[in-house]
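Only one structure is covered here, and it is reproduced in the block below.
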Amino acid sequence: MPIPTSELSLDEARAIIAGAFAKAAELGLKPLAVAVLDAGGHIRAIERQDGASMHRPEIAIGKAYGALAMGFGSRELANRVKDKGAVFLDAVNGMIGGRLIPAPGGVLVKDKAGNVIAAVGISGDTSDRDEACAVAGIAAAGLDSATG
């Protein structure tokens, strides 16, 4: 019997990535990296499109990880840094090894009951466009999103 590793199936994670890439193609975006993390912050699936720069996957992971760590999308994290300064972010980032990226593109994934089951992070184009692709990917997998 397989041991369950996540509330999000690998097929769902792959559907999120495919949906995000489809939205990027529709919008004519620059090459992206898409990371899907389970609710515990572990990588469930990750892909980097041809032509995406070499550290896009790490940035995508940081956006998703930040959403999970803070309990809201990375857009809200970016807004809080703007509104309250970077002192809190610097403290938290120092505590957890610099793993948060405070820019839109990290989106929580919720099941139909409203439970957070994963997060998606995208990097490669503007942060707003990255976020739009994350939301589209999550919807393509039949799940709900929370951008913050």
For this session: Could you rank 7, 58 by how accessible they are, 1.4 Å probe, largest area first?
Result: 7, 58
For this session: Report the full-extension gain for the segment residue 88 to residue 115: residue separation times 0.36 nm, less the Cα-Cα distance, to one decimal in nm.
Result: 7.1 nm
For this session: Quick one: which residues, 5+ away or cross-chain, put their amide H under 5 Å from the amide H of residue 105? H built at 1.01 Å from N.
Result: 74, 75, 131
Exercise. Per residue, how much accessible area does the stretch 84-134 have with a 1.4 Å probe, in Å²?
Worked result: 44
For this session: Could you order 54, 70 by accessible surface area, starting with the largest, using a probe radius of 1.4 Å?
Result: 54, 70
Exercise. What whole number of Å gives the distance from the Cα centroid of the stretch 88-117 to the Cα centroid of the stretch 122-148?
Worked result: 14
Seminar exercise, completed: Rounded to a whole %, the carbon-and-sulfur portion of the accessible area of the stretch 38-141 at a 1.4 Å probe is 53
Problem set entry | Candidates per trypsin sites (Lys or Arg not before Pro) in the stretch 95-148, loop by DSSP, up to 14 other Cβ within 10 Å | 112
Seminar exercise, completed: Per principal axis, largest first, the Cα atoms of the chain extend in Å by 43, 39, 26
Exercise. Sorted by accessible area with a 1.4 angstrom probe, largest first, how do 111, 50, 130 fall?
Worked result: 50, 111, 130
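The values are calculated or read from the model by the stated rules, or taken from the named source; none is laboratory data. Quick caveat, the model's predicted, so the values are computed rather than measured. So basically every Cβ, Gly included, is an ideal-geometry build from the backbone, and we count neighbours across all protein chains shown. These accessible areas exclude ligands, DNA and RNA; they are computed on the full protein's heavy atoms, side chains included. Shrake-Rupley method; radii C 1.70, N 1.55, O 1.52, S 1.80 Å.
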